[in-house]
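**Q** Below you will find the structure I want to go over with you.
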Amino acid sequence: MSPNNYLVLSALLFSIGAIGVVLRRNAIVVFMCVELMLNAANLAFVTFARLLGNLDGQVVAFFTMVVAACEVVVGLAIIVTIFRSRRSASVDDANLLKY
Amino acid sequence: MNLILAANPFTPGQTGTPEAVLFWILAPLAVLAAVSMIFVKKAVHSALLLAWVMITLAIFYIAEDAPFLGIVQIVVYTGAVMMLFLFILMLVGVDSSDSLVETIKGQRVMAMIGALGFAVLLIGAIGRSYTGFAGLTAANTDGNVEGLAQLLFTRYVWAFEVVSALLITAALGAMVLGHRERSSERPTQRELSILRFRPGSKLPGAPLPNPGVYALHNAVDVPALLPDGTPDPSSVSRVLKARGDVLDTKAFEMHTIEEGEDESK
């Protein structure tokens with residue numbers, strides 16, 4: 001098997017995550033799709049590290065994980081705050097700036 | 001083939017057969033789980049499917065000579081991040097299901113076409129970036145964790161420090177966002193008690209009746225019967241009602257008394 005298959009898998013997962021971000025209305029599910037995209041990028045980093053024979057890709061994947069953890073903490077706090085004031089976790093309901 | 005070999009300074013390597021078997025079993029399952037994640041209706045199911053995708057990726061990391069990242073993936077993602085997601089789902093309410101109304105006309109079709117084009121572009125670009133297979137055996141000679149640590153504390157030490165500052169900022173931000181300023185004084189027990197017994201009060205003076213106190217069914221999804229024989233909806237949890245899981249009391253009424261049972265008892 002060619003190691004390229006890992007890269008194809010990562011591209012597929014990234015695109016699936018992108019579809020989810022555009023299609024879903026529930027803010028928490030949108031967030032999960034963003035996580036999926038970050039994970040797909042990590043898989044590409046790890047595969048490239050292996051193809052090139054050094055550990056730099058793995059270090060970058062490690063940093064991505066830390067940033068993803070930060071993003072989840074702040075994002076979920078924002079979702080909870082919005083839910084508290086609007087009683088809804090739908091991204092369509094937070095449209096005050098539109099009018 | 002010869003042309004490719006001539007163009008590449010490295011001879012193209014292949015992974016071993018066990019890894020190929022692992023890949024061809026787990027990769028379709030991961031794609032299937034990811035696709036169903038964006039199409040299932042309940043957010044909790046999405047979370048579980050995403051947890052599965054993350055576990056699959058962790059196995060791939062371990063197969064790709066990155067054992068440290070594989071373990072971190074399981075501990076941080078499936079352990080911490082997914083639990084945080086489930087926690088927030090339960091807090092926000094599992095009944096807050098997605099509205100399936102299209103707010104922008106043709107958004108779904110456009111998204112599908114766009115994502116398909118993007119996938120083709122990405123696969124075309126990334127799939128051709130293969131220049132040779134060096135493998136991590138040389139880089140991992142001192143151990144994967146030691147190799148990562150060496151890089152992390154020498155070449156990437158500045159990024160490491162910046163990321164630690166980011167973590168602290170995120171923790172502070174979550175605390176600031178989660179904090180709620182109290183606009184009125186906290187009511188004392190005495191005030192609450194007076195409020196309960198005032199006529200027209202929404203709070204009950206006595207505790208609420210317990211759900212499900214039947215001989216035939218004793219679960220919390222059946223409302224209790226009041227002394228006059230009517231079911232009391234306030235005895236069942238609000239969440240169960242929103243989910244539509246409340247059963248009818250009628251089905252559990254006992255109409256016949258068994259033979260030999262003394263009525264006067």
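**Q** May I ask you to evaluate 6.51 cos²θ - 1.76 cosθ + 1.60, the Karplus curve with θ = phi - 60°, for each residue of segment B:112-124 and list the ³J(HN,Hα) values in order in whole Hz, giving x for glycine and proline?
**A** After applying 6.51 cos²θ - 1.76 cosθ + 1.60, I find 4, 4, x, 5, 4, x, 4, 4, 4, 4, 5, 5, x Hz.
**Q** In whole Hz, what ³J(HN,Hα) sequence does segment B:56-70 give by Karplus (6.51, -1.76, 1.60; θ = phi - 60°), x for Gly and Pro?
**A** 4, 5, 4, 5, 4, 4, 5, 5, 9, 6, 10, x, 4, 5, x
**Q** Relative contact order for segment B:15-93: what is it in percent, counting Cα pairs under 8 Å that are at least 6 residues apart?
**A** 25
**Q** How far apart, in nm, are two points set 7 Å out from the Cα along the Cα-to-Cβ line at A:SER85 and at B:LEU192?
**A** Going by the 7 Å Cα→Cβ label model, 2.8 nm.
**Q** Can you figure out the FRET efficiency of B:LEU172 with B:LEU121, using R₀ = 35 Å and their beta-carbon distance, to the nearest 0.05? Mind showing how you got there, number by number?
**A** On the way: r = 39 Å, r/R0 = 1.12.
After rounding, the FRET efficiency stands at 0.35.
**Q** Follow-up question, since we're still on this one. Which angle from 0 to 90°, rounded to the nearest 10, does the C-alpha axis of helix A:27-52 make with the longest principal axis of chain A?
**A** 10
**Q** Further question: Sticking to Cα atoms, compute the Rg of the protein assembly as shown to one decimal and its Dmax as the biggest Cα-Cα distance, whole number, in Å.
**A** Rg then Dmax for the protein assembly as shown, in Å: 27.6, 100.
**Q** What are the residues of segment B:157-184 that lose 10 Å² or more of accessible area, with a 1.4 Å probe, going from their chain alone to all protein chains?
**A** Buried-area filter returns B:ALA159, B:PHE160, B:VAL163, B:LEU166, B:LEU167, B:ALA170, B:ALA174, B:LEU177, B:GLY178, B:ARG180.
**Q** Projected area of segment B:15-93, taken from the Cα convex hull and averaged over every viewing direction, in nm²?
**A** Mean projected area of the Cα convex hull: 5.2 nm².
**Q** Using a 1.4 Å probe over the heavy atoms of the protein chains, calculate the carbon and sulfur portion of the accessible area of the protein assembly as shown as a whole percent.
**A** On the way: 14150 of 21260 Å².
Taking all protein chains in place, the protein assembly as shown shows 67 percent carbon and sulfur surface.
**Q** Can you give the FRET efficiency for B:GLU102 and B:SER164, using 1/(1 + (r/R0)^6), R0 = 41 Å, r = Cβ-Cβ distance, to the nearest 0.05?
**A** For R0 = 41 Å, the calculated efficiency reads 0.45.
**Q** In terms of modelled amide H atoms, which long-range or inter-chain residues lie less than 5 Å from the amide H of B:ALA224?
**A** Here the answer is B:GLY212, B:ASP232, B:SER235, since their amide H atoms fall under 5 Å of that of B:ALA224.
**Q** Mind checking the angle between helix A:56-86 and chain A's longest principal axis? C-alpha axes, 0 to 90 degrees, to the nearest 10.
**A** Helix A:56-86 sits at roughly 10 degrees to that axis.
**Q** Now for a different question. Please state the relative contact order of chain A as a whole percent: Cα pairs under 8 Å, 6+ residues apart?
**A** 27
**Q** Taking a quarter of the surface of the Cα convex hull of chain A, what do you get in nm²?
**A** 7.3
**Q** Pull out the extension gain between B:PHE153 and B:VAL75, defined as 0.36 nm times the separation in residues minus the alpha carbon to alpha carbon distance; nm, one decimal.
**A** 25.9 nm
**Q** Still on this structure: Give, to the nearest whole percent, the P(r) tail of segment B:103-166 beyond 20 angstrom, counting all Cα pairs.
**A** 64
**Q** Just to confirm the number: angle between the C-alpha axis of helix A:4-23 and the first principal axis of chain A, 0 to 90 degrees, nearest 10?
**A** That helix lies at roughly 10 degrees to the long axis.
**Q** Now, a different point. Which value in deg cm²/dmol, rounded to the nearest 500, describes the helix-derived mean residue ellipticity at 222 nm for the protein assembly as shown, given -39,500 (n - 2.57) per DSSP H run of n ≥ 4 and division by the residue count?
**A** -19000 deg cm²/dmol
**Q** If you don't mind, another one. What does the convex hull of the Cα atoms come to per residue for segment B:176-219, in Å³?
**A** Hull volume over Cα atoms, normalised by residue count, gives 158 Å³.
**Q** Give me Rg over Rh for segment B:204-254, both radii from the alpha carbons and Rh done the Kirkwood way, two decimal places. List each step's numbers first, then the result.
**A** Working: Rg = 10.5 Å, Rh = 11.1 Å.
Rg/Rh for segment B:204-254 comes to 0.95.
**Q** Can you give the FRET efficiency to the nearest 0.05 for B:ALA138 and B:ILE59, using r as the Cβ-Cβ distance and R₀ = 30 Å?
**A** For R0 = 30 Å, the calculated efficiency reads 0.80.
The values are calculated or read from the model by the stated rules, or taken from the named source; none is laboratory data. It should be emphasised that the depicted structure is a prediction, and the values quoted were computed from it without experimental measurement. Counting neighbours? That spans all protein chains shown, and the Cβs are built from the backbone with ideal geometry, glycine included. Ligands, DNA and RNA are stripped out before the accessible areas are found, and what is left, the full protein with its side chains, is counted by its heavy atoms. Shrake-Rupley method; radii C 1.70, N 1.55, O 1.52, S 1.80 Å.
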